[in-house]
Amino acid sequence: MNKTLQPFEKVPQFSKTDVAYACNDEALSPFYKYPCKLEQFRQIVQDKSTETTPRADLVKVLKEQYRHFPDNPYVDRHIDALAQKNAYTIVTAHQPSLFLGPLYFIYKAITAINLAEEVQNALDDAHPIVPVFVLGSEDHDLEELNHIQLYSKKVVWEPGLEGPVGPIPTDTLKPALEEVKEILGESEQAAYIYSRLEKAYSEQPTFASATQAFLHDLFGRYGLVVLNMNHPDLKKHFIPVMEEELLSQPSFKLVNETIEQLSDLGFKAQASPREINLFYLKEGLRARIVPDGDGFQIHGTAIRFTREAMLEELHAHPEYFSPNVVLRPLYQETILPNLAYVGGGGELAYWLERKAQFEHHGLNFPMLVRRNSVLWVDADTCKRVQKIGLDSSQLFADTDALIRQYVENHAEGEVDISEELNQLAHLFDQLAAKAEVSDPGLVKAVRAEETRQTNALQQIQGRLVRAEKQKHEQALNQIRKIKDKLFPNGGMQERSENFLPYFLKYGAYFLDTLKEFLNPLEEGLVIIEDTGEEQ
């Protein structure tokens, strides 16, 4: 395996805000608290130590959730450590996605694990540092997470239920599991992988607990702790923030002001706030709470609360209230003794809109660390790339640009006529100058002839390029195939492909390689090339 780095600014698939933050653009510095540097963590520990964290309830909930999972000494030790006042977390988060969704789901977990280890080493074991994967099990956007891509085949889970995805029963997953089994095939390795997948998603009662179980199976050996925060013993600690959100809506003003500031700098809004950034949560229901005169309406339902009844409901049943994307970071940081949040470029862009919220509620704003992005180039693709004389850094170019470059580099005759076009332009400039002196009315005719002649030359160039393309059609088809494989539909591999094909091919070596190669504080997209050497 070979590792190289592609600078973030040379990856056209990344957004402006993503690249700006990853490359330490000074324009964004007012919107975060800590630079992404290892030496900052001692200060973050000091700042976070002044806050009260509900450690007893956190550990109680985790032990309750892990009661039905296989024992793992690394995870057990980390959960026990969270009861200590000197223990802290490194957090990443995502909604439970079908069979762990796109590859970046895996990359998030490994980035958080590696960062926790780096921070642990930097602090000389003075503080236990625990990697935590928070499951957004209250999410109800089923269409975003109910499918995976396996070998160009789309597997879709259709439970036929509404409301938050976490509590959906796992028996609804049987058709999707059967489809995956068929796609993976009948090899010994396929049977082994499928048995682990089936165990997690058939022995657990809910989609959320099944996702926890599968993450535990894959990453427990690295000490990753997976937390489902949809629990009344945790929600009760967030009541003060939720009550203020209901009564005075501070997030709407604070976040909109920040978005306006970012917009003035040329950065797009990521998650615009609503007046009230809470959902009402019941079985089969997750609906927005909206102001309604002197009370509150549950959007899309006939449910209405007076002000007093809503506050009574909040204090009696905080589990019925669910923060949206605008409030979720505050909930997470209220419950966990967290030092840094690991997220993708889009996530960190909306975290950059949150700093004023954190200050308003007296919560420390964590370090924001961009998760590692990865392009995995398998052995067959590596051979194709080498055969046509490309290197991995060139693969990010547009397909048409790659083809033009290849044709120019391998053409038997010269196809670039830019010199001739420059000569033609110079000639017509001279003619136009003479026309201006003799008869200014002729200038227009000279320029019209210039346009005609330029178009004619460009058409000849097009014919030259097409002729050369025909000679190199096999190589150009290889370029197209490489681009389609590594950048499905023009997007990032990590945002479409599931990890199962890689796990089938490489086994645990796939995860171990990622663990070895991903450095969370290293700048650039990680390109991992399977050079065909023995594993």
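The values are calculated or read from the model by the stated rules, or taken from the named source; none is laboratory data. These figures come from a predicted structure and were not determined experimentally. Using ideal geometry, Cβ is built from the backbone for each residue, glycine included, and neighbour counts are taken over all protein chains shown. Areas reflect the complete protein model, heavy atoms only, side chains present, ligands, DNA and RNA absent. Shrake-Rupley method; radii C 1.70, N 1.55, O 1.52, S 1.80 Å.
Compared with the dominant Cα axis of the chain, that is its longest principal axis, helix 250-264 is turned about 20°. Solvent-accessible surface of segment 1-61, taken per residue with a 1.4 Å probe and all protein chains present: 52 Å².
Helix 188-203 sits at what angle to the longest principal axis of the chain, using alpha carbons and giving 0 to 90 degrees rounded to 10? With rounding to tens, the tilt is 40 degrees. Using only alpha carbons, segment 286-332 has a radius of gyration to Kirkwood radius ratio (Rg to Rh) of 0.98. Each residue, Gln84 and Arg196, gets one label point 7 Å from its Cα in the Cβ direction; the gap between the two is 3.0 nm.
Going by accessible surface with a 1.4 Å probe and the largest first, Tyr350, Tyr192 read Tyr192, Tyr350. Couplings for segment 104-121, taken from phi via the Karplus curve 6.51 cos²θ - 1.76 cosθ + 1.60 with θ = phi - 60°, read 5, 4, 5, 5, 4, 4, 5, 4, 5, 4, 5, 5, 4, 5, 5, 5, 4, 5 Hz in order; Gly and Pro are left as x.
With just the Cα atoms defining each centre, how far is segment 273-350 from segment 432-446? Give it in Å. One Cα centre to the other: 72 Å. When each of the peptides 159-168, 451-460, 385-394 is scored by how many other beta carbons lie within 10 Å of its residues on average, the order from highest to lowest is 159-168, 385-394, 451-460.
Working note: 222 nm ellipticity from helices only, DSSP H runs with n ≥ 4, each -39,500 (n - 2.57), summed and divided by the residues of the chain, gives -15000 deg cm²/dmol to the nearest 500. A simple rule links phi to the HN-Hα coupling: the Karplus curve 6.51 cos²θ - 1.76 cosθ + 1.60 with θ = phi - 60°, which for segment 137-151 gives 6, 8, 4, 10, 8, 4, 5, 7, 10, 9, 8, 9, 10, 10, 6 Hz, with x for Gly and Pro.
In this structure, the amide hydrogen of Arg286, modeled 1.01 Å from its nitrogen in the peptide plane, lies closer than 5 angstrom to those of Gly163, counting only residues at least 5 positions away or on a different chain. Of all DSSP beta bridges in the chain, what percent run antiparallel (nearest 5)? Once the DSSP bridges in the chain are tallied, antiparallel ones form about 50 percent.
With Cα atoms as the point set, segment 201-245 shows a radius of gyration and Dmax of 14.3, 41 Å.
Neighbours of Leu431, meaning other residues whose beta-carbon lies under 11 angstrom from its beta-carbon, give a summed charge of -2 when Lys and Arg score +1 and Asp and Glu score -1. Rounded to the nearest 20, the size of the Cβ-charge dipole of segment 79-160 about its Cα centre is 220 debye, with Lys and Arg at +1 and Asp and Glu at -1. Compactness check for segment 303-441: Cα Rg over 2.2 N^0.38 Å is 2.17. Pair-distance distribution of the chain: all C-alpha pairs, bin width 10 Å, starting at 0; shares per bin in whole percent are 3, 16, 24, 23, 15, 8, 6, 4, 1, 0.
Placing +1 on the Cβ of every Lys and Arg and -1 on the Cβ of every Asp and Glu, with no other charges, gives segment 169-301 a dipole of roughly 160 debye about its Cα centre. Within the accessible surface of the chain, defined with a 1.4 Å probe on protein heavy atoms only, the carbon and sulfur portion equals 47 percent. Computed from point charges on the beta carbon alone (+1 for Lys and Arg, -1 for Asp and Glu), the dipole magnitude for the chain about its Cα centre is near 260 Debye. Residues in segment 421-434 carry Karplus couplings, in order, of 5, 5, 5, 4, 4, 5, 4, 6, 5, 5, 4, 5, 5, 5 Hz; the curve used is 6.51 cos²θ - 1.76 cosθ + 1.60 with θ = phi - 60°, and Gly or Pro positions show x.
Taking a 31 Å limit on the Cα-Cα distance, which of the listed pairs Lys181/Lys268; Lys85/Lys515; Lys85/Lys235; Lys16/Lys253 fall beyond it? Listed pairs above 31 Å: Lys181/Lys268. Which of the listed residues, Ala191, Phe133, Gly160, is farthest toward the dipole's positive end in segment 54-199, when Lys, Arg count +1 and Asp, Glu count -1 at the beta-carbon? Ranked along the dipole, the leading option is Phe133.
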